[in-house]
1. So what J values fall out for the stretch 297-309 if you push phi through Karplus, 6.51 cos²θ - 1.76 cosθ + 1.60 with θ = phi - 60°, rounded to Hz, Gly and Pro as x?
2. How high is the relative contact order of the stretch 4-311, given as a whole-number percent (alpha carbon pairs under 8 Å, six or more residues apart)?
3. How high is the relative contact order of the stretch 170-238, given as a whole-number percent (alpha carbon pairs under 8 Å, six or more residues apart)?
4. Arrange Glu155, Glu185, Glu222 by Cβ neighbour counts within 10 Å, fewest through most, would you?
5. Taking the number of other C-beta atoms within 10 Å as the exposure measure, put Thr113, Thr65 in order starting with the fewest.
6. Treating the angle as unsigned and between 0 and 90°, give the value, to the nearest 10°, between the Cα long axis of helix 117-126 and the longest Cα principal axis of the chain.
7. Okay, helix-only estimate at 222 nm for the chain: each DSSP H run of n ≥ 4 adds -39500 (n - 2.57), divide by all residues, round to 500 deg cm²/dmol; what do you get?
8. Show me, for the stretch 241-254, the HN-Hα J-couplings you get by feeding each phi into the Karplus relation (A = 6.51, B = -1.76, C = 1.60, θ = phi - 60°), rounded to Hz, glycine and proline as x.
Amino acid sequence: MTTETDTALEARVDAILVGAIDPHVHSGPSIAVRGVDHLELAQQMSEAGFAAVITKDHDYSGVMTAALIGAHYPDLRTKVYSSIVLNNVIGGFNPYAVEHTAAMGGKIVFMPTLAAENHLRWEKTSGWVHPASTSKIRPARGIPVLDSSGAVLDEVKEVLDIIARNDLALASGHLHISESWKVFEEAKRRGVKRMVLTHPEEIVQASLNDVRGFAAMGAFVEHSLCMFLEGSKFKVCSEEDLGRHIEAAGVEQTIMCSDLGQTGVFSPLEGFRRGVKLCLKLGYTDAQCHAMVSTNAARAFGLEADVARVKAG
């Protein structure tokens, strides 16, 4: 039987999530099987009072779907946005694709993920395989970001200029942390204002000193809750690891995302509910938890109006 204490905790989580944002969620359709599609995601998150979600597919920009949902489901509390990930299907560092995403209201440009040279090296020793087999699509081919001398490639600089011009957010994707340092430093020189370090806890080989450094640079540090939560097939870190990461960047530069939407694991919404409970367990206040699931992401991606709209009722 549910106790009064359990009920009170659930009520606290409910309140913390009003105005929340999931800026990294793998809803479908996708070449990989997904447990929820973009519309179902928006409907579920709307019931919980989320202000926005930013969908992420490794192979396409979802800006057209986001526009359709916004036009045909105007009563949803949750606004759907999309990112673009610069993998092989997009054409890598394709300026046309990035400009199109910007023109259609996209929010984030991810550096290569499944096609990052670092990811392909990691994949060989991790035991991970893309859930969409190569019977559907040929194997990824590595997309470099640096030249043989270690300098940022011109085609990367061109995309960084587009990001700066359109006030998009730059996310590091699955680059090695050493590559992300060079790309972000170049991005800052070229006027990019919004920068996010993607899940430093996995794949990218970031240290806590790297986390401190990126936060000091002004970048937000985004944590994938699925990598810390009990019952998640993606769990690779302890609960205490999350606390160490938050302390390294500071609450004010920390963002939580679900990184969920796959089959065989709980939903993105449930991931957020469990993630908030974990942060409370680690000793963070309700206000701090709300900042890490809502207002920090609003600042990172320019979604302050969406949060204000939901909170206004």
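1. For the stretch 297-309, the Karplus curve yields 5, 4, 5, 5, 10, x, 10, 4, 5, 5, 5, 4, 4 Hz.
2. With pairs under 8 Å counted, the relative contact order is 21 percent.
3. Values: 74 pairs, mean separation 20.2, N = 69.
Answer for the stretch 170-238 is 29 percent.
4. In increasing order of surrounding Cβ atoms, one gets Glu185, Glu155, Glu222.
5. Thr65, Thr113
6. The helix 117-126 is inclined about 60 degrees to the chain.
7. Details: 13 runs with 132 residues, N = 313.
So the helix-based figure for the chain works out to -12500 deg cm²/dmol.
8. 4, 4, x, 5, 5, 4, 5, 5, 8, x, 3, 5, 10, 9
Every number in this text was worked out from the coordinates using simple rules, so none of it is lab data. Computed from a predicted model, the values in this text were never measured in an experiment. FYI the Cβ positions are ideal-geometry reconstructions off the backbone, even for glycines, and counts take in every protein chain you see.
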